[in-house]
Amino acid sequence: MMPKEEHEVATLGGPHRSAPETTTVINIHSDTAVPDHVVWSLFNTIFMNICCLGFIAFAFSIKSRDRKMVHDMIGAQSYASTAKCLNISTLVLSIATIIIFIILYATTAIAITRNLY
């Protein structure tokens, strides 16, 4: 006993091709392909603006968003890359500065308490 699917293929025969197959490739460029890092830059501008790097990163993020609006993806990618590097630099410098202040505060507090006794 043949399964139903094999029976239908056997009854109908193989696929009939009257014309050669052609393929078409359509490249769709999405506007969301280039991140502009505006939120990260705004956070760095408000909370971690060491040497104004956060503000400069925010300016490059806005430029990247403007380039995306006029469909210049190469320019948008360039500005976004610069904004990302500036954001990383701001983050690293801010964390290093905070750690240094904590160490200085702790060592100063220890030195003061030793002088009191």
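Taking the condition open to solvent by 90 Å² or more (accessible area, probe 1.4 Å) and at pLDDT below 95, does Arg67 pass? Steps first, please.
Values: open to solvent by 90 Å² or more (accessible area, probe 1.4 Å): no; at pLDDT below 95: yes.
Criteria not met by Arg67.
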Problem set entry | Subset of the stretch 87-117 (residues that are crowded, with 17+ Cβ neighbours inside 10 Å and touching a residue at least 40 places away in the same chain (Cβ under 8 Å)) | Asn87, Thr90, Leu91, Ser94
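In the stretch 55-70, what residues are outside any helix (DSSP H, G or I) and in contact with an Asp or Glu (Cβ under 8 Å, 6 or more places away or on another chain)? Outline the logic, then answer.
Step one: list which residues in the stretch 55-70 are outside any helix (DSSP H, G or I), which gives 70.
Scanning the stretch 55-70 gives no hits.
The values are calculated or read from the model by the stated rules, or taken from the named source; none is laboratory data. Everything quoted here is computed from the prediction, not taken from an experiment. Neighbour counts run over all protein chains shown; Cβ positions are idealised from the backbone, glycine included. Side chains included, ligands, DNA and RNA excluded: accessible areas come from the protein's heavy atoms. Shrake-Rupley method; radii C 1.70, N 1.55, O 1.52, S 1.80 Å.
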